[in-house]
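J.: Once you've had a glance at the structure underneath, I'll fire off some questions.
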Amino acid sequence: MIQYGSSKVNELVIENLIPSVDFRNEHFVDIRCKLTLKTGPIPKGTTELSALVICMRDGTIIEIVPQDEDCDCEFQFTLNEKEQIRRLIHEHPVFRRIWTATPKQ
């Protein structure tokens, strides 16, 4: 992770995630992910690190942003951390159901 305004990188290894899906509209899906870390403490100043993954309905990932207690925070994921999250999302057992489910009306 990289804190905005800093050049120091603290690379996290993400072991697992627990997704929670919200169908924003007919085009976008928000996946909030609780993260389980294999190595690396969460950055100082964060309490409950998670990720917001913004996707198209077909599963195309638009953005992956870190959150603290479900709010924006002053950190950003590294490209490697984003790739770990992307891989875990695509390998998750509910992946096909997420992209084929009908949004609640």
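The values are calculated or read from the model by the stated rules, or taken from the named source; none is laboratory data. As the structure is a prediction and not an experimental result, all values here were calculated from the model. Cβ: placed from backbone, ideal geometry, glycine included. Neighbour counts: every protein chain shown. When the accessible area is computed, the model is the full protein with side chains, heavy atoms only, and any ligands, DNA or RNA have been set aside. Shrake-Rupley method; radii C 1.70, N 1.55, O 1.52, S 1.80 Å.
J.: Does segment 41-55 hold any residues that are farther than 16 Å from H90 by Cα and open to solvent by 30 Å² or more (accessible area, probe 1.4 Å), and which are they?
T.: Step one: of segment 41-55, the residues farther than 16 Å from H90 by Cα are 41-50.
Passing the criteria: P41, I42, K44, G45, T47, E48.
J.: Check T36, T100 and return the single one that is surrounded by 10 or more Cβ atoms within 10 Å (Cβ to Cβ), polar (S, T, N, Q) and modelled with pLDDT of 90 or more.
T.: Values: T100 fails: modelled with pLDDT of 90 or more.
After applying the criteria, what remains is T36.
J.: Go through segment 13-26 residue by residue and tally those that are surrounded by 12 or more Cβ atoms within 10 Å (Cβ to Cβ) and either of a type in the set (D, E, K, R) or not in a strand (DSSP E or B) (or both).
T.: The number of residues fulfilling the criteria is 3.
J.: Step by step: first the residues of segment 56-81, then only those that are in a loop (DSSP other than H, G, I, E, B) and under 19 Å from H92 (Cβ atoms), then the one that is most open to solvent (accessible area, probe 1.4 Å). Which residue is that?
T.: Step by step, filter segment 56-81, then rank; the result is D58.
J.: Still on this structure, please answer the following. Looking only at segment 27-46, count every residue that is farther than 14 Å from M1 by Cβ and part of a loop (DSSP other than H, G, I, E, B) and tell me the total.
T.: Narrowing segment 27-46 to residues farther than 14 Å from M1 by Cβ: 27-34, 36, 38.
Subset that is part of a loop (DSSP other than H, G, I, E, B): 27.
Counting residues in segment 27-46 that are farther than 14 Å from M1 by Cβ and part of a loop (DSSP other than H, G, I, E, B) gives 1.
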